[in-house]
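Colleague: What follows is a structure written as structure tokens; I'll ask about it next.
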Amino acid sequence: MERVSEILVRAYEQQRTIFLFGNGGSAALASHFACDLSKGTVNGSTKRFRVMALTDNVPLMTAWANDSKYEDIFAEQLANFATRGDVALAISASGNSPNVIKALKVAKQAGSVTAGLTGFAGGRMLALCDACIVVPCDNMQIIEDLHLCVTHSLFTCIRSRICNGNTGSIALGPRLVKRTTVR
């Protein structure tokens, strides 16, 4: 957890882009975590997380799946955007999804830092990640539940670190935030 948190904070500090991706429930989690990082960490500073869920451009994913193969849906997007120092964070409960494996390889070739969130024993993606969180369980539904807990924990730690670093006055843990008034 600490290594992945450090990678994400470093990306924020250096204004690198974080790319999130996965299939099924992991795709939904990639979108959810991108939202948490991009909106939930806004703290009054002009610096913001640069984060993109590769799962959110459905027309582009289906075009690659239809015109090439499903294995390419994330790798080809990374080929367009990933650069040295960016972060590719893969989410795969099995750790063996071919499109996730291929995307991690493309990210490595681009010089991006690779991180993962997986289950079981880590699967093939474990060897491709600079840092990887493994939920050591053989039940897919429990793995997916715990992946959500992990991303919320990462978000809470990162938000606290970023906010405390800028203001020094925000308490650790959950807090209520003021709503923006629309005029």
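Colleague: Got a sec? Which of Asn43, Asn23, Asn57, Asn66 is polar (S, T, N, Q) and in contact with a Cys (Cβ under 6 Å, 6 or more places away or on another chain)?
Modeller: Asn43
Colleague: Separate question: Is it true that some residue in the stretch 59-71 is of a type in the set (S, T, N, Q) and in contact (Cβ under 8 Å) with a residue 40 or more places away in the chain? Walk me through it before giving the result.
Modeller: Applying the first criterion (of a type in the set (S, T, N, Q)) to the stretch 59-71 yields 62, 66, 68.
Okay, now just the ones that are also in contact (Cβ under 8 Å) with a residue 40 or more places away in the chain, so none.
So far as the stretch 59-71 goes, no, none of its residues is of a type in the set (S, T, N, Q) and in contact (Cβ under 8 Å) with a residue 40 or more places away in the chain.
Colleague: Quick check: anything in the stretch 66-73 of a type in the set (Gly, Ala, Ser) and in contact with a strand residue (DSSP E or B) (Cβ under 8 Å, 6 or more places away or on another chain)?
Modeller: Within the stretch 66-73 (the criterion being of a type in the set (Gly, Ala, Ser) and in contact with a strand residue (DSSP E or B) (Cβ under 8 Å, 6 or more places away or on another chain)), the answer is no, since none of the residues qualifies.
Colleague: Any chance the stretch 48-69 includes a residue that's open to solvent by 70 Å² or more (accessible area, probe 1.4 Å), part of a helix (DSSP H, G or I) and of a type in the set (A, V, I, L, M)?
Modeller: yes
Colleague: Within the stretch 8-64, take every residue that is of a type in the set (Val, Ile, Thr) and modelled with pLDDT under 95 and give me the one that is farthest from Met125 (Cα to Cα). Can you show your working first?
Modeller: Kept after step one, since they are of a type in the set (Val, Ile, Thr), are these residues of the stretch 8-64: 9, 17-18, 41-42, 46, 51, 55, 58, 62.
Next cut, modelled with pLDDT under 95 only: 41-42, 46.
Values: Thr41: 28, Val42: 31, Thr46: 35 Å.
Among those that are of a type in the set (Val, Ile, Thr) and modelled with pLDDT under 95, it is Thr46.
Colleague: Any idea which of (1) open to solvent by 10 Å² or more (accessible area, probe 1.4 Å); (2) of a type outside the set (A, V, I, L, M); (3) within 18 Å of His147 (Cα to Cα) is the one Gly95 doesn't satisfy?
Modeller: So the condition that Gly95 fails would be (1).
Colleague: Quick one: in the stretch 110-166, which of the residues that are of a type in the set (Val, Ile, Thr) and more than 18 Å from Arg50 (Cβ to Cβ) is farthest from the chain's Cα centre (by Cα)? So that I can check it myself, show each step before the final result.
Modeller: Quick first cut of the stretch 110-166, residues of a type in the set (Val, Ile, Thr) only: 113-114, 118, 133-135, 142-143, 150-151, 156, 158, 162.
Next, only the ones that are more than 18 Å from Arg50 (Cβ to Cβ) stay: 118, 133-135, 142-143, 150, 156.
Numbers: Thr118: 12, Ile133: 12, Val134: 14, Val135: 16, Ile142: 19, Ile143: 16, Val150: 11, Thr156: 14 Å.
In this case the residue turns out to be Ile142.
The values are calculated or read from the model by the stated rules, or taken from the named source; none is laboratory data. These numbers come from a predicted model, not from an experiment. Note that each Cβ is placed from the backbone with ideal geometry, even for glycine, and that neighbours are counted across all protein chains shown. Ligands, DNA and RNA are stripped out before the accessible areas are found, and what is left, the full protein with its side chains, is counted by its heavy atoms. Shrake-Rupley method; radii C 1.70, N 1.55, O 1.52, S 1.80 Å.
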